[in-house]
Amino acid sequence: MKKYILSFAIAIGIVSLANAQQINTVPQSSANVGLTPIKAGNWMVGGAIGNIGYSFEAESFNAAVQPRAGYFISDGIALGAEVNLGLKTIPDTDNEWTYGVAPFIRYYFPEGASSTGRFFAHGNVGIAGSSAGSDVGLALGANVGYAHFITQTVALEATLGYNYSKANVNISEKQTGLGVGVGFQIYLPGRR
């Protein structure tokens, strides 16, 4: 009888230890962040890693990456700069490499916000060019998007917007189009 009780006690101990060592491997899909990442004095670094657009005039598609960095001048408002590096495919001609730089402003809406995400508006005005010519021209963009925070400092983003560019004043070559993008931002706390 003592053997059965001892065996039963050992079995209970092993089961208890096995349950105590169980690791929760469920990935985190969101974080309750409130207003912490978008407070005045914080920084944001990241960008769009997949930005796809369509131009109405040239009937061309383009794909680009857009690294950016910004500083929150007040709660929910960031100013910064972004770089645009891309490829434009135009039917019946050679593909073009595109480039540009633009300052931006981003506003996070308090309406419709949740503890894990924020809607935002993003606008930029800058210069852009391409491998097809040596001229640079005006580039404008207006986007709306949603940032979903997967941790306290990292957000995945999706954007939808309208883009406009004009080669220069002497040539009336303009391009307008719609674009969608996905990317991420890292929010870094500033000095308090």
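The values are calculated or read from the model by the stated rules, or taken from the named source; none is laboratory data. Because the structure is predicted, anything quoted here is derived from the model rather than measured. Backbone-built Cβ (ideal geometry, glycine too); neighbour counts: all protein chains shown. For the accessible areas, the whole protein counts, side chains as well, though only heavy atoms, and no ligand, DNA or RNA atoms are used. Shrake-Rupley method; radii C 1.70, N 1.55, O 1.52, S 1.80 Å.
For the reader, a short list of remarks on this structure follows.
- Subset of the range 120-139 that is open to solvent by 40 Å² or more (accessible area, probe 1.4 Å) and closer than 18 Å to ALA69 by Cα - its residue that is nearest to the chain's Cα centre (by Cα): VAL125
- The single residue among GLY177, GLY181, GLY86 that is crowded, with 18+ Cβ neighbours inside 10 Å and touching a Gly at 6+ places or on another chain (Cβ under 6 Å) turns out to be GLY177.
- As a summary of the residue check, TYR107 satisfies the conditions (1) in contact with a Phe, Trp or Tyr (Cβ under 8 Å, 6 or more places away or on another chain); (2) free of Cβ contacts under 8 Å to residues at least 12 places away in the same chain; (3) open to solvent by 80 Å² or more (accessible area, probe 1.4 Å) except for the one numbered (2).
- Considering residues of the range 132-141 that are of a type outside the set (A, V, I, L, M) and part of a strand (DSSP E or B) only, the residue farthest from SER30 (Cα to Cα): GLY137
- Looking only at residues of the range 110-119 that are touching a residue at least 24 places away in the same chain (Cβ under 8 Å) and open to solvent by 70 Å² or more (accessible area, probe 1.4 Å), we find that the one that is farthest from THR153 (Cα to Cα) is PRO110.
- Any hit, the range 34-48, residues being assigned to a loop (DSSP other than H, G, I, E, B), open to solvent by 60 Å² or more (accessible area, probe 1.4 Å), at pLDDT 85 or above and not small (Gly, Ala, Ser): yes
- Tally of residues being assigned to a loop (DSSP other than H, G, I, E, B), free of Cβ contacts under 8 Å to residues at least 60 places away in the same chain and farther than 23 Å from ILE186 by Cβ across the range 53-75: 1
- Among (1) hydrophobic (A, V, I, L, M, F, W, C); (2) at pLDDT 95 or above; (3) more than 18 Å from ALA155 (Cβ to Cβ), the one test that ILE90 misses: (2)
- Qualifying residues in the range 148-174 (those that are at pLDDT below 90, under 24 Å from the mean Cα position of the chain (by Cα) and closer than 20 Å to TYR99 by Cα) - the one surrounded by the fewest Cβ atoms within 10 Å (Cβ to Cβ): TYR164
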